[in-house]
1. Hey, residue 448 hits all of (1) touching a Ser or Thr at 6+ places or on another chain (Cβ under 7 Å); (2) in contact (Cβ under 8 Å) with a residue 60 or more places away in the chain; (3) surrounded by 23 or more Cβ atoms within 10 Å (Cβ to Cβ); (4) not in a loop (DSSP other than H, G, I, E, B) but one; which does it fall short on?
2. Just the residues that are acidic (Asp, Glu), over 17 Å from residue 457 (Cα atoms) and open to solvent by less than 20 Å² (accessible area, probe 1.4 Å), please, taken from segment 264-316.
3. What number of residues within segment 239-255 satisfy the criterion of being open to solvent by 40 Å² or more (accessible area, probe 1.4 Å), at pLDDT 95 or above and over 21 Å from residue 312 (Cα atoms)?
4. Restricting the search to segment 205-245, which residues are touching a Gly at 6+ places or on another chain (Cβ under 9 Å), within 21 Å of residue 151 (Cβ to Cβ) and outside any loop (DSSP other than H, G, I, E, B)?
5. Name the residue that is modelled with the lowest pLDDT, counting only residues in segment 163-213 that are farther than 30 Å from residue 237 by Cβ and aliphatic (A, V, I, L, M).
6. When you go through 346, 389 one by one, which is the residue that is among the aromatic types (Phe, Trp, Tyr), closer than 22 Å to residue 62 by Cβ and open to solvent by 20 Å² or more (accessible area, probe 1.4 Å)?
7. Which residue, of 18, 66, 29, is closer than 27 Å to residue 117 by Cβ and modelled with pLDDT of 90 or more?
8. Scanning segment 142-183 for residues that are over 30 Å from residue 533 (Cβ atoms) and without any contact (Cβ under 8 Å) to a residue 40 or more places away in the chain, which turns out surrounded by the most Cβ atoms within 10 Å (Cβ to Cβ)?
Amino acid sequence: GADHLAIAKNIQNQIDNLNKIQKDYKIKLASPFEYFEQITERNNACGEFLDNSLNFILPGVYSSRLYIKQANTISQWLLTNIAEPLQALSRFYFNTKNRQNEINYAYKTLIKNHAHDSIYGCSIDEVHRDVMRRFSNVQSVANGIIKRACRDVTTENGKLSVFNLSNYSYSGKIKIKTEQKLPSYMNALKISSSKGFSDKKLYDTNDIPVTEDITDIKEYIIDVKDLPAFSLTGITKKHICDKCSLKAGENIIENEFLKLETINGQIIVTDKIKNERYTDFITITDAADIGDSYNFGGLKGDKPIKAKLTGVKLKENNIQRVVSELKYEINIPETSASKGRSKRTYKHTIKISAIFYNQSKYIEFEADWNNRSKNHILKIGFNLKDKIYETVNEDMFGTVKRQFNSDYEIYKDIPAKRGTELKPNTSPMQRFMQTQNFALFSMGNCEYEINKNRVNLTLLRATGIISNPKNPARGTPAGPPLEVKMLQSIGKNRACFAVAFTNDETNLFKYADEYCMPFVVVFTDKPDTRFFDFKNENIIVYSVKSSDSGLSLRCFNRSEENQNTKNNIVFKPKEIKNIVIKS
């Protein structure tokens, strides 16, 4: 068999014919188990299988249809790290309803999007419309589970309480959507308002919402401190941070840990903890991409176009957060082809909100723009002190190190010879990558590039063909040459990412958790509860699930050493089993 193909019906005849014309070996149809039994010498392969010198790995799929990757990241996090553990803990500790059937349905729907071409973004547009509908379905189900779990523990006149579903204690922002008025001691900042039904009306099956029930739903931010890991904590005055270190002006925003300023059209960021200053920190560039959904295809001799910082505007300035809008402008050619980039250009305005929260040790960025051009790649770069030769990346379990030749340029090797695929200087990541005391976090933009002393995050890779038979980076087609409009990502685009300055692996996981916001707010009289505490920062809980017998935890050891833990679970279990520590 092969990609999309069943095993040939006449496979034995084909094998017999091949055996007649070759002399060095004989082919036999057998099972994998027969094959394994006959292996006499076994060589262990260590590390990642990302070497494409002998086989295609099609690395451009990490940036193809980035809206798919963003939706997948949000869907997975919402289901796996919020909805499922919330309902499992609520059921186990507070005897609420078990919604495992709904969770299983959401997982099965999510997994349908993980067929390789579906998640890669390498199918026709109709397939990816279905993919996005399924992601929407997963998020709707997950949000419904969250709302119903909250309803089940909500009580009349209950105090505002927060589920911290992270492995780490938390101090920082909490976002709350409610029709209720919050106590004055919380110093709540209203950030939005809309009309709608209260959750009590929507999720009470004995009450039918009517037009007269529509009310003002307000979204607030409060600044909290010292919420234990995996806990439910009622917010009192002692949990409100009363110290504000935020400062802002038209060209500068800062808190206790970080500072961002604009001087002479450049962004300068200062790590105030280590007193390190990064000049010309942010660079936005655009280049031609005449590749396809599988591989970036650069133009020989192409010179990237650099965006210009044209304006800085202070959008918010208060004790919970400050926001500065960075406005960039760049003229991008209408399209690109093998003969070059078109003379006609479109002006693109990219607005990036730089967000400082009072207690945050990372800067959050939200980039918005309207893509009007085709066949190009748009990147945001972060300029560091020295050339980059190694990065640390979040992997499925723990981290993995990758080596780079920071001076390598794919353009020098274009075009690829037949049957070969050019090596890129790009790499995939889960939630974060780190190098030189610099860390980059992202919500779904999962491809970064190393170029000398710069880390480039791919914001958009717009191509219009599933497999270009003349892709300069790949000497052989990887699929059908079907043109697909949505692959160009014309229209509104958005990317969310954050940067921090640390080389501590614990910080990397902690900041990644905080950035993804694994917090749920309820109004309840349930007592403050610490669900479990392994008292070892190397033991990461990555799954909390309901099981037939109660609660199932899955963990991994993110270190390279054996770890001990006291397993300080704060309930008296009848039995502890299947707590798997994976190294």
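The values are calculated or read from the model by the stated rules, or taken from the named source; none is laboratory data. Predicted model, so just to flag it, every value in this text is computed and none were measured. FYI the Cβ positions are ideal-geometry reconstructions off the backbone, even for glycines, and counts take in every protein chain you see. The area values use the complete protein model at the heavy-atom level, side chains included, leaving out ligands, DNA and RNA. Shrake-Rupley method; radii C 1.70, N 1.55, O 1.52, S 1.80 Å.
1. Result: residue 448 fails condition (2) only.
2. Those that are acidic (Asp, Glu), over 17 Å from residue 457 (Cα atoms) and open to solvent by less than 20 Å² (accessible area, probe 1.4 Å): 271, 292.
3. Selection size over segment 239-255: 0.
4. Matches in segment 205-245: 215, 216, 217, 234.
5. For segment 163-213, the residue satisfying everything is 202.
6. Answer to the check: 389.
7. Only one candidate passes the filter, namely 66.
8. The extreme case among them is 179.
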